[in-house]
Amino acid sequence: MFTERNQLYIELQAAVEQGIVLFLDGDPCSPAYVTHTLCANEDACYMRDYVFDEKGGKLKELRFDRLSSM
């Protein structure tokens, strides 16, 4: 059985294989780095943002941005 961490990594790796670029707090990064950061910072909250191209509506970027506490 896969853990949530493994499932996230597999999802992100599949996205990269489809040509989708991953960003974490504005910096391009690998599926392994995003997975590690999100799982290691359990107290932090990240928002997932989907960026589509303007022509065909194809997903081109997947961005993870840390939400600051109020």
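The values are calculated or read from the model by the stated rules, or taken from the named source; none is laboratory data. Quick caveat: nothing in here was measured; it's all calculated off a predicted structure. Every residue, glycine as well, gets a Cβ built from its backbone with ideal geometry; the counts of neighbours run over all protein chains shown.
Which ones in region 39-70 are under 19 Å from Glu17 (Cα atoms) and among the aromatic types (Phe, Trp, Tyr)?
Selection gives Tyr50, Phe52, Phe64.
Quickly run through region 14-45 and pick out the residues that are in a strand (DSSP E or B), of a type outside the set (D, E, K, R) and either more than 21 Å from Thr3 (Cβ to Cβ) or at pLDDT below 95 (or both).
Listed by number, the residues that qualify are Val21, Phe23, Pro28, Cys45.
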